[in-house]
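Down below is the structure, laid out as structure tokens.
Every number here is computed from the coordinates shown, using simple stated rules; none is lab data. Here the structure is a predicted model, which is why all the values come from computation and not from measurement. Every residue, glycine as well, gets a Cβ built from its backbone with ideal geometry; the counts of neighbours run over all protein chains shown.
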Amino acid sequence: MSQANLHIVRETYLREKPVFPFCKGCGHTLVLRKLDEALDALQIPPRDVALVTDIGCIGLADALFATIHTVHTTHGRSTAFATGIALADSVLAERRLKTIVLIGDGGAMIGLQHLVHAAMLNVDVTVLVCNNFVYGMTGGQGSSLTPEGFITATTPNGNVVPPIDLCGILKNSHAPFVARALATDRSLTETIREAIATPNFALIEILELCTEYASRRNRLGGSDLRDLAEQNGWQLGQIVKRTDRQPYFSRMVPTNGQEHRWEGRRIEAIQPPTHALRKTLGVVVAGSAGERVQSSAAVFSEVALGEGYSVTQKNDNPVTQGTGFSLSEIKIGPEPILYTAIEHPDVLAILSADGWREAVAAGWMERLGSDSEVFLDEDIPVDFNGAHLKRLPLRRMFGAEWTAMGLLTMLGVKYRIASFVDLLQAIRVAFGDRAADAVKTGYDELKKNEAVS
């Protein structure tokens, strides 16, 4: 086949002869078929499409798409996941990825702030809200989009609460593209195509019926959807189409071929590094809330990223936030990290009594490997011995506020992840001179006493 004819070949997005798992007459089937048609019209390579689904019946779409990336998320959080995907692609990759969210009315309400925030940021995400007016997967309960007078499992005498206008909320959140359509509209394919094609945030609220609950209880058919929209004052068709908003990534304006600028923060271009660290290193830092454990881990991670390493960071703390433990898990390696959990930490740093209690409660002590290093502040009154245990005066040398940053600076130098000078500069930029001076003083003192290798 000639190169000139390649573009007319239909790309495959849905599986061959897909078996849709939805109830007979469910609008989800129509939506997915029209999404497939829209992608076909755009001729986007399947590898350049990321489909992010929410919990609910519409989330079953994952298994129906064979050749595109699919991400199944937690309830209401699909737009947040999609925002992260789109931002990563626009900032770190080639800006070819089209990220599409499939979410129901329940998920849209649970994750309303995520929708609002994505619209405010103006990320290249297309959200298809499949609004069938009820929680179809869990028994037909009412949602915040259930029409007034609608009979549901939780409003058996008819809903007395007026529904919100989702499109109105997104319009007032500065979304550049907002539309409302019926699942039965012949023009839905073109509306979806147009939404995906825009480089901006786009949302389409698609009205449909849950045939298992909504249709039966309210004696409605697909032909009644237009009247239902009119009765609730829901405008159909294009509601907003703006072209004057710049996408979020454009705020990172290239100043030259070696760097980007974003709100005054300088991000150096990553050059092909010579890695001193040959394998992935798993570090767990357990300390007390309010003592900058997680923010210190973030600065350390940013430095490692700047050195060309792959890095992941996961945090944990109790709901009290300002009291109790604070914990951060960091993985650093020369290759992409595809599994973020730390099964056996290479380094376990326990910086306070709160950190010790959490390390014991969470099972970190049992998960130490034969080569695991354990750094334990010398003032923690516990009876623990290990082959690779180092008791150090960390809090006394660095001060409680900078113990985590001091310890991570030691590790950065020890494992040759970054130079002491670069780490100290990062601390100065992130936390100021006082923090950098505290870390330097503590580090020099420990080095003088040969506690730092």
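Key figures for this structure:
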quantity: Cross-link partners of K34 among lysines (Cα-Cα below 29 Å; sequence separation of 8 or more within a chain); calculated: K17, K24, K98, K171, K241
quantity: Linear extension gain, D433 paired with H275, 0.36 nm per residue minus alpha-carbon span; calculated: 54.0 nm
quantity: Charge tally in the Cβ shell below 12 Å around D165, where Lys, Arg are +1 and Asp, Glu are -1, D165 excluded; calculated: +1
quantity: Ranked T29, T146, T83, criterion: other C-beta atoms within 10 Å, fewest first; calculated: T29, T83, T146
quantity: Antiparallel DSSP beta bridges within the range 3-248, as percent of all bridges there, nearest 5; calculated: 20 percent
quantity: Contour excess over end-to-end distance, with Cα ends at R245 and Q113 and 0.36 nm allotted per residue; calculated: 45.5 nm
quantity: Radius 10 Å from Cβ of E329, net charge of other residues (Lys, Arg +1; Asp, Glu -1); calculated: +1
quantity: Charge-dipole axis of the chain as Lys and Arg at +1 and Asp and Glu at -1 on Cβ define it, positive-most pick from G386, L277, I110; calculated: I110
quantity: Residue-span extension gain [H69 to R396] - 0.36 nm each, minus C-alpha spacing; calculated: 112.7 nm
quantity: FRET efficiency, E302 to S144 (Cβ-Cβ, R0 56 Å, nearest 0.05); calculated: 0.90
quantity: Projected label distance in nm at V319 and R226, using a 7 Å step from Cα toward the beta-carbon; calculated: 4.9 nm
quantity: Kyte-Doolittle mean at least -1.0, axial Cα span of 18 Å or more - DSSP H helices of the chain; calculated: 27-42, 78-92, 293-306
quantity: Label of the coordinate-derived value, P(r) over Cα pairs in 10 Å bins from 0, in percent, listed as (1) 4, 15, 22, 24, 16, 11, 6, 1, 0; (2) 4, 18, 23, 19, 17, 13, 6, 1, 0; (3) 5, 22, 33, 25, 12, 4, 1, 0; calculated: (2)
quantity: Two-site label geometry, A153 and R15: point separation in nm, points 7 Å out along Cα→Cβ; calculated: 2.6 nm
quantity: Positive minus negative residues near G282 (Lys, Arg vs Asp, Glu; Cβ under 9 Å); calculated: -2
